[in-house]
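> Can you read through this structure? Questions will come right after.
The values are calculated or read from the model by the stated rules, or taken from the named source; none is laboratory data. Values in this document were obtained by computation on a predicted structure and should not be read as measured data. Cβ placement follows ideal geometry from the backbone for every residue including glycine, while neighbour counts extend to all protein chains displayed. What goes into the accessible areas is simple: the full protein's heavy atoms, side chains included, and nothing from ligands, DNA or RNA. Shrake-Rupley method; radii C 1.70, N 1.55, O 1.52, S 1.80 Å.
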Amino acid sequence: MPSKLVSDCSKAIAAKGYSIAFIESATAGRMCSEFSLTPKSGEILLGGISCYKVFVKEKLIKVPPQLIAEHTPESAQVTQSLAEHSSKLFRSDITVAVTGLVSPGGSETPDKPVGTMFIHILYPKGFVAHAEVYRGSAEAIIMQAIDRTAELIIRELEKE
């Protein structure tokens, strides 16, 4: 069952007549799945792509390899590129991209520890780029990022 924030976000998107699509790395489709469980999913959800491995980001989504090499697959810059390229694929009103580190073994550093998540959301009138460090298990980190994404979308839609 999706969280109240995800359900409220789904309603807010439907109220605007908008569609949404997801491009997910660290969350591996969980974000799209949570939105698919809301009563408004049929009105808003176009779909999602899970791009966990680098070659999927490069070959399917067309993220430039040099961008990944320069900034790492888990970075604000790569997340922005994922959102921009996926928006063209889906032709969605709202496009959400997420990368991050939910477990050890990625590109973590002291400045970018496990739990760091990058979210980039494109809207009809702009974008929101957000980075945050969450604590807990891999699932807890993912669920916190999903709720934060819903919160960011709601906040942006309320400005319109």
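> Exactly one of these conditions fails for Ala15: (1) in a helix (DSSP H, G or I); (2) under 30 Å from Thr109 (Cβ atoms); (3) among the aliphatic types (A, V, I, L, M); (4) touching a Leu at 6+ places or on another chain (Cβ under 9 Å). Give me its number.
(2) is the only condition that Ala15 fails.
> Please find, among Thr99, Thr95, Thr149, the residue that is in a strand (DSSP E or B), at pLDDT 95 or above, within 11 Å of the chain's Cα centre (by Cα) and farther than 18 Å from Lys53 by Cα.
On the way: Thr99 fails: farther than 18 Å from Lys53 by Cα; Thr149 fails: in a strand (DSSP E or B).
Exactly one residue qualifies, and that residue is Thr95.
For (1) touching a Cys at 6+ places or on another chain (Cβ under 8 Å); (2) free of Cβ contacts under 8 Å to residues at least 40 places away in the same chain; (3) among the β-branched types (Val, Ile, Thr), each residue gets a yes or a no:
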position: Val6; (1), (2), (3): no, no, yes
position: Cys32; (1), (2), (3): no, yes, no
position: Pro39; (1), (2), (3): no, yes, no
position: Cys51; (1), (2), (3): no, yes, no
position: Lys57; (1), (2), (3): yes, yes, no
position: Lys62; (1), (2), (3): no, yes, no
position: Ser75; (1), (2), (3): no, no, no
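> Then there is this: For residues that are more than 19 Å from Ser50 (Cβ to Cβ) and assigned to a loop (DSSP other than H, G, I, E, B), tally how many sit in the range 102-137.
Count: 13.
> Go through the range 14-26 and count every residue that is touching a Cys at 6+ places or on another chain (Cβ under 7 Å) and either open to solvent by 20 Å² or more (accessible area, probe 1.4 Å) or among the aromatic types (Phe, Trp, Tyr) (or both). Let's see the steps before the verdict.
Kept after step one, since they are touching a Cys at 6+ places or on another chain (Cβ under 7 Å), are these residues of the range 14-26: 22-25.
Narrowing the set further to residues that are either open to solvent by 20 Å² or more (accessible area, probe 1.4 Å) or among the aromatic types (Phe, Trp, Tyr) (or both) leaves 22.
Qualifying residue count for the region: 1.
> Give the residue that is farthest from Leu5 (Cα to Cα), with candidates limited to residues of the range 27-57 that are open to solvent by less than 30 Å² (accessible area, probe 1.4 Å) and not in a helix (DSSP H, G or I).
Cys51
> If you check Leu60, Leu89, Leu101, Leu122, which single one turns out to be open to solvent by less than 40 Å² (accessible area, probe 1.4 Å), aliphatic (A, V, I, L, M) and more than 20 Å from Cys9 (Cβ to Cβ)?
Working: Leu60 fails: open to solvent by less than 40 Å² (accessible area, probe 1.4 Å); Leu89 fails: open to solvent by less than 40 Å² (accessible area, probe 1.4 Å); Leu122 fails: more than 20 Å from Cys9 (Cβ to Cβ).
It is Leu101.
> Turning to a different aspect of this structure: Condition (residue is open to solvent by 20 Å² or more (accessible area, probe 1.4 Å), under 20 Å from Ala131 (Cβ atoms) and of a type in the set (A, V, I, L, M)) applied to the range 75-85: is it met by at least one residue? Spell out how you get there, then give the answer.
At the first step, the residues of the range 75-85 found to be open to solvent by 20 Å² or more (accessible area, probe 1.4 Å) are 76-77, 80, 84-85.
Among the residues that remain, those that are also under 20 Å from Ala131 (Cβ atoms) are: 76-77, 80, 84-85.
Now drop any that are not of a type in the set (A, V, I, L, M), which leaves 76.
Yes, that holds for at least one residue.
> Checking Ala76 against (1) within 15 Å of the chain's Cα centre (by Cα); (2) on the phi > 0 side of the Ramachandran plot; (3) not polar (S, T, N, Q), which test does it fail?
For Ala76, the exception is condition (2).
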